[in-house]
Amino acid sequence: MNNDKYSKTFLDPAYANSYEMRYSCHSYDDILWSIEKHQLRKIIADIRKSHRYINYLDFAVGTGRIISFIENYV
């Protein structure tokens with residue numbers, strides 16, 4: 001998928017709604033996301049042991065789901 005097409009994907013209400021449903025409470029993707037969040041917290045905690053500051057780069061992150069989660073930890 002080219003970048004221009006992807007950037008417009010979530011402007012389509014049907015696609016955005018489908019994405020929201022995908023991560024609805026107790027869905028398979030929601031359960032995976034819970035596991036991913038736990039792993040992200042562990043990774044950040046490990047990095048914090050040797051780095052006073054953690055900077056992050058917001059580059060081609062899609063919906064921003066992950067970056068919005070880690071912004072409170074870095």
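The values are calculated or read from the model by the stated rules, or taken from the named source; none is laboratory data. The shown structure was predicted, so the numbers you read here are calculated from the model rather than taken from an experiment. With ideal geometry, Cβ positions are generated from the backbone for all residues, glycine too; neighbour counts draw on all protein chains shown. When the accessible area is computed, the model is the full protein with side chains, heavy atoms only, and any ligands, DNA or RNA have been set aside. Shrake-Rupley method; radii C 1.70, N 1.55, O 1.52, S 1.80 Å.
Here are the numbers:
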| item | result |
| --- | --- |
| Residue in the range 63-74 that is least open to solvent (accessible area, probe 1.4 Å), counting only those that are out of contact with any Phe, Trp or Tyr (no Cβ under 8 Å at 6 or more places or on another chain) and assigned to a helix (DSSP H, G or I) | PHE69 |
| Positions within the range 16-62 being in contact with a Phe, Trp or Tyr (Cβ under 8 Å, 6 or more places away or on another chain) and open to solvent by 60 Å² or more (accessible area, probe 1.4 Å), in sequence order | ARG41 |
